[in-house]
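Asker: Questions regarding the structure given below will be posed in turn.
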Amino acid sequence: MSAHPTSGLDEVVHQRHRLGILTIAVESKRVEFGYLRTTLNLTAGNLSRHIAVLEEAGLITIQKGYEGKRPRTWISITPRGRDALAEEIAALAAIVDSLGSRDRT
């Protein structure tokens, strides 16, 4: 008996806000914290917690600095993060494929 396609989902990556962070981060070299907060409609504290989880897993890096006199935080996806995102997308595609192969009545 083979494993169900949902067994390929990663608990760290699959959470919708973390999936959103990785998806946005993979589109650019780095993404600014405020942009993520606004785009994902999260509070700063909630976003910080999701970023901490991804950083602890080695999926993103965080860079702090200044833009003019304003402090900024930038997030970049790591190679490990790119791989984890690709695996998550593959697992989601497998789920969609398994549903599409069933007879619909």
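The values are calculated or read from the model by the stated rules, or taken from the named source; none is laboratory data. Everything numeric in this text was worked out from a predicted model, so none of it was measured. When we count neighbours, we look across all protein chains shown, and the Cβ atoms used for this are built from the backbone with ideal geometry, even at glycine. Accessible surface is based on the protein model in full, side chains and every heavy atom, while ligands, DNA and RNA are left aside. Shrake-Rupley method; radii C 1.70, N 1.55, O 1.52, S 1.80 Å.
Asker: Which residue out of LEU9, LEU40 is of a type in the set (A, V, I, L, M), at pLDDT below 95 and over 11 Å from the mean Cα position of the chain (by Cα)?
Answerer: None of the other options fit; the residue is LEU9.
Asker: OK, next. Quick one: would you say GLY58 is of a type outside the set (S, T, N, Q), in contact with a strand residue (DSSP E or B) (Cβ under 8 Å, 6 or more places away or on another chain) and closer than 30 Å to PRO5 by Cα?
Answerer: no
Asker: Here's another thing I want to ask about it. I'm told GLU67 meets every condition in (1) of a type in the set (Asp, Glu); (2) closer than 29 Å to THR6 by Cβ; (3) open to solvent by 30 Å² or more (accessible area, probe 1.4 Å) except one. Can you identify the failing condition by its number?
Answerer: The failed condition is (2).
Asker: Could you run through the stretch 1-42 and say how many residues are assigned to a loop (DSSP other than H, G, I, E, B), over 18 Å from ALA57 (Cβ atoms) and among the polar types (S, T, N, Q)?
Answerer: 3
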